[in-house]
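Colleague: Below are the structure tokens for one structure; questions will follow.
The values are calculated or read from the model by the stated rules, or taken from the named source; none is laboratory data. Predicted, not measured: the structure shown is a model, and the values here were computed from it. Virtual Cβ from ideal backbone geometry, glycine too; neighbours counted across all protein chains shown. To get the accessible areas, we keep the full protein, side chains included, count just its heavy atoms, and leave off ligands, DNA and RNA. Shrake-Rupley method; radii C 1.70, N 1.55, O 1.52, S 1.80 Å.
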Amino acid sequence: MTVERVPVSGGHITVETLMGSSDPILVIHGVSSQRMLWNWLHAEAPHLTLVAPDLRGRGDSVDVTGASSLARHADDLDAVLEALGLDSVHVCGMSMGAFAAVEFAARFPSRAKSLVLVDGGVPVEPPAGLTRDTVAAVFEDRIARTRQRWDDLDDYLDLLVSTSLPLLDRDDPLLREYAAHDLADGAIRLSTDAVVADATDVFFGDSRFRDLTVPIRFLHAQWSVGAGSPPMYSPQDIGALELTSVRALDGLDHAGTIMTAVGAAAVGETINDALRDGVSDGTR
């Protein structure tokens, strides 16, 4: 494992590289997450070399100044590859990170060999009733928790599994490590302005998905938050896709697609497919 600080507009973002034997995979977390999201993937597929930044406004990159957007994340990710001496990589993004991956591949087509998109990235209609003006209200639970002090990690874990992560194992040590990375001196390291700006961009920005020419592999959850909840992508959405591969992750909700052993293993298998195909078509 190595951790580096990469200069970007407004400061420095922190990038951790989890070493394996494969070519590097750029992995991009979601809207209110941070780089520890990828520890489940590292546990299930330790052969993969994962380049995992804390995006601006999150975790160790919380103090980066300036407006957040998918385009700004794409520019930051380009800076990461430049700093690490990487010309091009396979890219995996989860949730908002998948939309950032799409923007990155569209802005820097020579940088992305392929995309693995985990329950995000594919254009989707905003949920019924959601407008630009109501995005902040939708994320109020995550915004509200940043106003509280969390001096006890167990209290914070209890909150996570009672709200946004109801199907995860409360006693999973990886979840504890993930939650601990959210906090510093009892405060959640998350810019609420970045959350609202990025979520607005996801649902109301101009997607460049149709501009992509790289192979795209897509995995999608059965539910959104908790068993029985409506998924982000409907069967009609899935049926209309013509991608390199589409894989349903039955029995998992949005978080479980990567924050469980089953979900992480499926993502690892899909990345393996991308690496294997990259060798056969000469893009590696």
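Colleague: Helix-only mean residue ellipticity at 222 nm, the chain, DSSP H runs n ≥ 4 weighted -39,500 (n - 2.57), per residue, nearest 500. What is it?
Modeller: The helix contribution divided over the chain gives -10500 deg cm²/dmol.
Colleague: Can you pull the one-decimal nm distance between simple spin-label points at R247 and N272, each 7 Å off the Cα toward Cβ?
Modeller: Spacing of the two 7 Å Cα→Cβ label points: 0.9 nm.
Colleague: Now a separate question. For the stretch 199-213 and the stretch 66-85, write down the distance between their C-alpha centroids in whole Å.
Modeller: 17 Å
Colleague: Given Cβ point charges of +1 (Lys, Arg) and -1 (Asp, Glu) and nothing else, what value in debye, to the nearest 20, does the dipole of the chain about its Cα centre take?
Modeller: It works out to roughly 480 debye.
Colleague: Consider just the alpha-carbon atoms of the chain and return their Rg together with their Dmax, both in angstrom.
Modeller: Rg and Dmax of the chain, Cα atoms, are 17.4, 52 Å.
Colleague: What percent of all Cα-Cα pairs in the stretch 217-284 falls into each 10 Å bin, going from 0 up to the bin containing the maximum distance?
Modeller: 21, 44, 27, 8, 0
Colleague: Whose amide H sits under 5 Å from the amide H of R247, counting only residues 5 or more places off or on another chain, with H placed in the peptide plane?
Modeller: F218, L219, H220
Colleague: Separate question: Whose amide H sits under 5 Å from the amide H of R111, counting only residues 5 or more places off or on another chain, with H placed in the peptide plane?
Modeller: Sorted by chain and number, the residues that satisfy this come to none at all.
Colleague: A follow-up question, please. For the chain, which whole-number percentage of the solvent-accessible area (1.4 Å probe, protein heavy atoms only) is attributable to carbon and sulfur atoms?
Modeller: 50 percent
Colleague: As a test of understanding, state the convex hull volume per residue of the stretch 1-142 from its alpha carbons, in Å³.
Modeller: In the stretch 1-142, the Cα convex hull volume per residue is 115 Å³.
Colleague: A further question follows. What is the dipole size for the stretch 210-284, taken about its Cα centre, with +1 at each Lys and Arg Cβ and -1 at each Asp and Glu Cβ, in debye to the nearest 20?
Modeller: So the magnitude is around 100 debye.
Colleague: Quick check of the Kirkwood formula: for the stretch 167-284, what is the inverse mean of 1/r over all pairs of different Cα atoms, in Å?
Modeller: When all Cα pairs of the stretch 167-284 are included, the Kirkwood radius is 17.0 Å.
Colleague: Now a separate question. Quick one: net charge of I258's neighbours, Cβ under 15 Å, K/R +1, D/E -1?
Modeller: Value of the local net charge: -4.
Colleague: Kindly rank 106-119, 229-242, 144-157, 196-209 from highest to lowest mean number of other beta carbons found within 10 Å of each residue.
Modeller: The most tightly packed comes first, giving 106-119, 196-209, 144-157, 229-242.
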